[in-house]
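Notes follow once the structure below has been shown.
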Amino acid sequence: MLQEIVTAGAVGAVAINLYLVVSLVWVLHMTTARALWQWDASNLLGVAAFRASGAVELVGVSLHVAVSLAWAAAFALLLERNQAVARQPIAAGAAFGVVVWAVMQFVVVPLGRAPVPRLTTAGIVNGLIAHAIFFGIPVALVCVRFLRA
């Protein structure tokens, strides 16, 4: 199960990060890739993460990957306990991604030290797309593949 969790978490982390860089940095010009990872680090380090240089982005990426692994473990456990989820991995993954977004947005981030972004319609839609399509579905597909192997 460890290989399943690591693979699913890594795939989900890479997919959502690529989507966020493309959507927020390249298309919408709302931020930079560096600021995305500084924001992740700021959940632990506070606003000092935005003034730091160099390794703080690695802290942010590491935190993001660690959280992705934790969520992948949660999905793997769900799948282990309810294999009916495997019959609809895309729907289950998308629903799981929505839950991940909601928990991160309304529980985890407010408990951290990061500045809480103002909710806008565009931000909500982008966040739901990121978490449902580019995190939840890849995590589900990887976990189901391991289950069937």
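Express the relative contact order of the chain as a whole percentage, based on alpha carbon pairs under 8 Å and six or more residues apart in sequence.
Once normalised by length, the contact order is 37 percent.
Starting with the fewest neighbours, write out VAL25, VAL85 ranked by other beta-carbon atoms found within 10 Å of each beta-carbon.
Going from sparsest to densest Cβ surroundings: VAL25, VAL85.
Would you tally the net charge around GLU57, using a Cβ to Cβ cut-off of less than 14 Å, leaving GLU57 out, and scoring K and R as +1, D and E as -1?
Net charge in that neighbourhood comes out at +1.
Could you order the peptides 120-126, 86-92, 110-116 from most to least packed, using the average number of other C-beta atoms within 10 Å per residue?
The packing order, highest mean first, is 86-92, 110-116, 120-126.
Would you please put 46-55, 29-38 in order of how densely packed they are, using the mean number of other Cβ atoms within 10 angstrom per residue and starting with the highest?
29-38, 46-55
Order the peptides 56-62, 68-74 from the highest to the lowest mean number of other Cβ atoms within 10 Å of their residues.
68-74, 56-62
If you take the square roots of the eigenvalues of the alpha-carbon gyration tensor of segment 5-49 and sort them as a ≥ b ≥ c, do you get rounded (a/c under 1.5), prolate (a/b over b/c) or oblate?
Cα axes put segment 5-49 in the oblate bin.
About the Cα centre, and with charges only on the beta carbon of Lys, Arg (+1) and Asp, Glu (-1), how big is the dipole of the chain? Nearest 20 debye, please.
About 120 debye.
Residue by residue, what Karplus-based ³J(HN,Hα) values in Hz, rounded to whole numbers, does segment 104-118 have, using 6.51, -1.76 and 1.60 with θ = phi - 60° and x for Gly and Pro?
5, 5, 9, 10, 5, 4, x, 7, x, 9, 6, x, 7, x, 5
What residue among PHE106, TRP26, GLY136 has its Cα farthest toward the positive end of the dipole of the chain, where the charges are +1 on Lys, Arg and -1 on Asp, Glu, each on the Cβ?
The residue sitting most towards the positive pole is PHE106.
If you wrap segment 68-149's Cα atoms in a convex hull and average its projection over all directions, what's the area in nm²?
One quarter of the hull surface, i.e. the mean projection, equals 5.5 nm².
So if I take the centroid of the Cα atoms in segment 1-74 and the same for segment 77-122, what is the distance between those two points in Å?
If we compute the Cα centre of each part, the gap is 15 Å.
From the C-alpha gyration tensor of segment 2-148, pull out the three semi-axes of the equivalent ellipsoid (sqrt of 5λ each), sorted largest to smallest, in whole Å.
Working from the Cα gyration tensor, I get semi-axes of 27, 16, 13 Å.
Can you compute the helix-only [θ] at 222 nm over the chain? Use -39500 (n - 2.57) per DSSP H run of at least 4 residues, normalise by all residues, nearest 500 deg cm²/dmol.
After summing the helix terms and dividing by the residues of the chain, the value is -21500 deg cm²/dmol.
Every number here is computed from the coordinates shown, using simple stated rules; none is lab data. This one's a predicted model, so the numbers in the text were calculated from it and none came from an experiment. Here Cβ is always computed from backbone atoms with ideal geometry, including for glycine, and neighbour counts include all displayed protein chains.
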